[in-house]
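S.K.: Let me begin by handing over the structure; questions about it come next.
The values are calculated or read from the model by the stated rules, or taken from the named source; none is laboratory data. Keep in mind the model is a prediction, meaning the values are calculated, not measured. Here the Cβ positions follow ideal geometry from the backbone for every residue, glycine too, while neighbour counts run over all protein chains shown.
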Amino acid sequence: MPTSVVIVTGLDANSEPHGITIGTFTSVSLEPPLVGFLPGINSTSWPLIASNGSFCVNVLSSQQTELCWKFAKEAENRFDGINWSAAPSGSPIIDGSLAWIDCAIHSITEFGDHLLVVGRVEHLMKNDPAVDAMVFFAGKVTSVTRSD
Ligand SMILES: Cc1cc2nc3c(=O)[nH]c(=O)nc-3n(C[C@H](O)[C@H](O)[C@H](O)COP(=O)(O)O)c2cc1C
């Protein structure tokens with residue numbers, strides 16, 4: 001199945017940034033505005049992000065392939081060398097992302113070896129419409145062009 005690719009970011013209790021490459025991001029509800037994704041129960045970054053009660057979804061463009069892999073590999077400091085600014089919640093907005101969605105955690109439910117995290121959308125922004133979105137399919141990163 002092709003999926004979109006996002007990096008879910010947040011700050012830990014010491015205000016250090018964390019982020020995870022995620023392909024399970026989905027819209028859940030329009031009213032109220034809810035979105036969701038599924039981190040693994042063994043994720044090391046998710047509990048650190050969750051401790052702050054919020055997260056930011058960075059929708060990757062086709063030009064951010066390096067970031068997709070960087071935030072999917074085990075690493076102490078994935079944010080080294082990354083330019084970012086703070087969303088209203090404080091969670092990182094990564095430079096060059098196609099769009100960002102800043103969320104407050106609504107619920108976390110365990111299903112087998114993954115958690116379904118649902119967030120209430122607090123703020124969002126879409127950037128340069130000329131840039132293509134990243135798509136993940138069959139183990140590879142590809143892209144899709146916006147028609148508007
Ligand atoms: C395109 C892509 C999509 C991914 N989607 C998910 C996902 O939805 N849930 C998940 O738990 N891991 C997903 N991963 C794997 C995580 O990014 C990877 O396991 C990461 O090292 C987890 O980091 P953490 O242990 O710091 O949380 C995905 C990886 C890639 C490359």
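S.K.: Could you tell me whether LYS73 is in contact (Cβ under 8 Å) with a residue 12 or more places away in the chain, of a type in the set (Lys, Arg) and loosely packed, with under 15 Cβ neighbours inside 10 Å?
M.R.: So LYS73 fails the test.
S.K.: Within segment 123-133, which residues are at pLDDT below 95 and either within 16 Å of the ligand (Cβ to nearest atom) or not small (Gly, Ala, Ser) (or both)?
M.R.: Hits for segment 123-133 are LYS126, ASN127, ASP128, PRO129, VAL131, ASP132, ALA133.
S.K.: Considering only segment 1-41, how many residues are within 13 Å of the ligand (Cβ to nearest atom), in a strand (DSSP E or B) and either in contact with a His (Cβ under 6 Å, 6 or more places away or on another chain) or not β-branched (Val, Ile, Thr) (or both)?
M.R.: Here the count works out to 8.
S.K.: Show the residue pairs that are 6+ apart or on different chains and have beta-carbon atoms under 8 Å apart, the first residue being within segment 16-34 and farther than 29 Å from LYS140 by Cα, the second being basic (Lys, Arg) and more than 15 Å from the ligand (Cβ to nearest atom).
M.R.: PRO32/ARG120; PRO33/ARG120
S.K.: List pairs: first in segment 85-107 and touching a residue at least 12 places away in the same chain (Cβ under 8 Å), second of a type in the set (D, E, K, R) and surrounded by fewer than 16 Cβ atoms within 10 Å (Cβ to Cβ), Cβ under 7 Å, 6+ apart or cross-chain?
M.R.: PRO88/GLU122; SER89/GLU122; LEU98/LYS126; ALA99/LYS126; ASP102/GLU122; CYS103/GLU122; ALA104/GLU122
S.K.: Go through segment 1-37 and report how many residues are of a type outside the set (Val, Ile, Thr) and within 11 Å of the chain's Cα centre (by Cα).
M.R.: 8
S.K.: Next question, about the same structure. Based on what the data block shows, is GLY90 out of contact with any Ser or Thr (no Cβ under 6 Å at 6 or more places or on another chain) and surrounded by 12 or more Cβ atoms within 10 Å (Cβ to Cβ)?
M.R.: Against the criterion (out of contact with any Ser or Thr (no Cβ under 6 Å at 6 or more places or on another chain) and surrounded by 12 or more Cβ atoms within 10 Å (Cβ to Cβ)), GLY90 qualifies.
S.K.: In addition: ASP132: charged (D, E, K, R), out of contact with any His (no Cβ under 9 Å at 6 or more places or on another chain) and without any contact (Cβ under 8 Å) to a residue 40 or more places away in the chain, yes or no?
M.R.: Spelling it out, it is not the case that ASP132 is charged (D, E, K, R), out of contact with any His (no Cβ under 9 Å at 6 or more places or on another chain) and without any contact (Cβ under 8 Å) to a residue 40 or more places away in the chain.
S.K.: Name the single residue that is farthest from the ligand (Cβ to nearest atom) among those in segment 42-85 being closer than 11 Å to HIS18 by Cβ and of a type in the set (Val, Ile, Thr).
M.R.: ILE49
S.K.: Quick one: in segment 124-141, which of the residues that are surrounded by 14 or more Cβ atoms within 10 Å (Cβ to Cβ) and part of a strand (DSSP E or B) is farthest from the chain's Cα centre (by Cα)?
M.R.: Per the stated criteria, the residue is VAL141.
S.K.: Please verify whether segment 105-116 includes one or more residues that are more than 15 Å from the ligand (Cβ to nearest atom), surrounded by 15 or more Cβ atoms within 10 Å (Cβ to Cβ) and farther than 24 Å from GLN63 by Cα.
M.R.: There is at least one residue in segment 105-116 that is more than 15 Å from the ligand (Cβ to nearest atom), surrounded by 15 or more Cβ atoms within 10 Å (Cβ to Cβ) and farther than 24 Å from GLN63 by Cα.
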